[in-house]
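Step one of this worksheet: look at the structure below.
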Ligand SMILES: NC(=O)c1ccc[n+]([C@@H]2O[C@H](COP(=O)([O-])OP(=O)(O)OC[C@H]3O[C@@H](n4cnc5c(N)ncnc54)[C@H](O)[C@@H]3O)[C@@H](O)[C@H]2O)c1
């Protein structure tokens with residue numbers, strides 16, 4: 001069960017070991033930095049080569065222990081090796097932020113099935129692969145844990161040319177609910193955070209020119225989100241302060257999905 005623990009509102013992570021997949025840039029790096037600010041030991045895992053550099057930079061900036069490991073969530077071997085490296089260095093894992101992501105924009109009449117499968121392989125199956133491996137490790141440790149996945153506003157509303165992405169992120173929402181149900185007895189919370197467009201490499205790739213200005217017009221906050229605003233929501237769902245929340249998909253969208 002997920003037991004009661006009196007909380008302070010500090011969102012403290014001192015001494016916790018947190019893996020951030022997709023941590024070598026964008027929302028993932030912002031999350032890793034916020035976790036480090038709250039005292040966590042950080043594992044930067046990403047398919048990019050620069051994981052050790054990002055990990056070293058966070059260690060220097062926040063004075064916490066870090067590890068950078070290249071990890072591709074489409075490979076079981078790669079995920080298992082990343083987890084083994086984490087356990088070898090830190091002895092346990094307490095938090096997983098699973099946020100690797102891929103997007104390619106095509107109309108539903110035109111997208112190739114291989115492209116749909118790529119979205120699902122990374123954004124849904126790949127994220128589940130990481131959640132499953134880490135949850136099994138948390139169950140072995142017997143101390144519970146926190147898992148947060150990045151979903152999307154595309155879970156709730158239709159967005160032009162997002163069919164592959166939406167299929168993959170909607171699958172993630174279903175996965176989060178089932179895992180929350182099954183893993184609560186081990187003290188593991190699993191939740192999603194569903195952002196609107198965020199100013200990252202991915203956000204800029206998908207939203208340019210008139211499509212961008214039209215979209216900003218439709219968001220009641222009249223802007224896209226910044227990475228720290230998403231990281232703050234992820235941090236909340238990674239701390240004891242959110243112990244009574246599981247299976248949720250928290251929208252951070254400046255009001256876009258009010259409509
Ligand atoms: N930026 C947005 O507008 C936006 C909106 C909603 C949701 N999201 C989601 O937020 C998450 C983070 O995206 P971001 O905006 O920071 O973009 P980003 O491109 O900066 O970060 C995505 C990261 O995922 C990594 N990645 C991709 N494939 C991987 C794989 N197979 N294995 C391991 N890592 C892999 C990339 O190397 C990259 O570092 C993604 O899941 C994305 O779908 C982004």
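The values are calculated or read from the model by the stated rules, or taken from the named source; none is laboratory data. Nothing here was measured: the structure is a model prediction, and the numbers come from that model. Heads up, the Cβs are rebuilt from the backbone with ideal geometry, glycines too, and the neighbour counts pull from every protein chain shown.
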Just checking, which of 86, 31, 14, 74 is more than 16 Å from the ligand (Cβ to nearest atom) and either outside any helix (DSSP H, G or I) or under 26 Å from residue 182 (Cβ atoms) (or both)? 14
Could you list, in sequence order, the residues of region 40-63 that are in contact with a strand residue (DSSP E or B) (Cβ under 6 Å, 6 or more places away or on another chain) and buried (at least 21 other Cβ atoms within 10 Å of the Cβ)? 40, 41, 42, 43, 44, 45, 51, 54, 55, 58
Selection within region 138-152 - buried (at least 18 other Cβ atoms within 10 Å of the Cβ) and assigned to a helix (DSSP H, G or I): 138
For region 236-258, give me each residue that is over 24 Å from residue 40 (Cα atoms) and in a loop (DSSP other than H, G, I, E, B). 253, 254, 255
Please find, within region 34-49, the residue that is farthest from the ligand (Cβ to nearest atom) out of those that are assigned to a strand (DSSP E or B) and farther than 20 Å from residue 126 by Cα. 41
Out of 15, 39, 25, sole residue that is within 20 Å of residue 147 (Cα to Cα) and in contact (Cβ under 8 Å) with a residue 40 or more places away in the chain: 25
Go through (1) under 29 Å from residue 182 (Cα atoms); (2) over 13 Å from the mean Cα position of the chain (by Cα) for residue 68 and report which single condition fails. (1)
Lone qualifier among 97, 81 - being free of Cβ contacts under 8 Å to residues at least 60 places away in the same chain and within 16 Å of the ligand (Cβ to nearest atom): 81
Given the conditions (1) more than 18 Å from residue 136 (Cα to Cα); (2) within 13 Å of the ligand (Cβ to nearest atom), report the number of the one that residue 65 does not fulfil. (2)
For region 17-28: of the residues being surrounded by 21 or more Cβ atoms within 10 Å (Cβ to Cβ) and in a loop (DSSP other than H, G, I, E, B), which is farthest from the chain's Cα centre (by Cα)? 24
Report those helices (runs of 4 or more DSSP H) wholly inside region 163-229 carrying at least 2 residues which are without any contact (Cβ under 8 Å) to a residue 40 or more places away in the chain, within 12 Å of the ligand (Cβ to nearest atom) and farther than 23 Å from residue 122 by Cα. 209-218
Just one of the numbered conditions (1) at pLDDT below 95; (2) more than 9 Å from the ligand (Cβ to nearest atom); (3) surrounded by 21 or more Cβ atoms within 10 Å (Cβ to Cβ) is not true of residue 155; which one? (3)
Do we have residue 130 as in contact (Cβ under 8 Å) with a residue 12 or more places away in the chain, within 11 Å of the ligand (Cβ to nearest atom) and farther than 24 Å from residue 240 by Cα here? no
